[in-house]
Amino acid sequence: MPLTSKKPPLPSEDKRWRIVNGTMRRHGYARDALIETLHTVQESFGFLDKVSLRFVADSLRVPLSQAYGVATFYHFFTMKPPGEHAQTPSIRLSVNFWPAVSPTSPHFHVSESREN
């Protein structure tokens, strides 16, 4: 009697799970597809939760502790859903806090001396 591993059912009817399942299928449900599959979950849902970790771990036949360890070790995975108002730091943020000084301002001063 051949040993066949039964794949767990998709956690919900959400089409994003089909994308995740496609990633695992493309890699032959190999254990070493864990990181790429977690990336797909993160891209599809915005974060990793208990349901997604358990589904991926069961599908790839890795311990849940290993999937959780990978998800918490790498900084690009997040276990929390994104906030309603995402904030991204501006490159010009420090410039915005400088007082407005123009060449015609009395506070503008150019030093002529150079020390070598």
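Structural remarks
- Filter result for the condition that a residue is part of a helix (DSSP H, G or I) and either over 25 Å from G22 (Cβ atoms) or modelled with pLDDT under 90 (or both), over S94, S52, S105: S94
- When L53, L34 are checked against the criterion of being within 16 Å of K80 (Cα to Cα), in contact (Cβ under 8 Å) with a residue 12 or more places away in the chain and surrounded by 15 or more Cβ atoms within 10 Å (Cβ to Cβ), a single residue qualifies: L53.
- Test: residue in the stretch 8-23 that is surrounded by 15 or more Cβ atoms within 10 Å (Cβ to Cβ) and under 11 Å from the mean Cα position of the chain (by Cα): no
The values are calculated or read from the model by the stated rules, or taken from the named source; none is laboratory data. Since this is a predicted model, take the numbers as computed values, not measurements. Don't worry about glycine lacking a Cβ; one is built from the backbone with ideal geometry, like all the others, and counts go over all protein chains shown.
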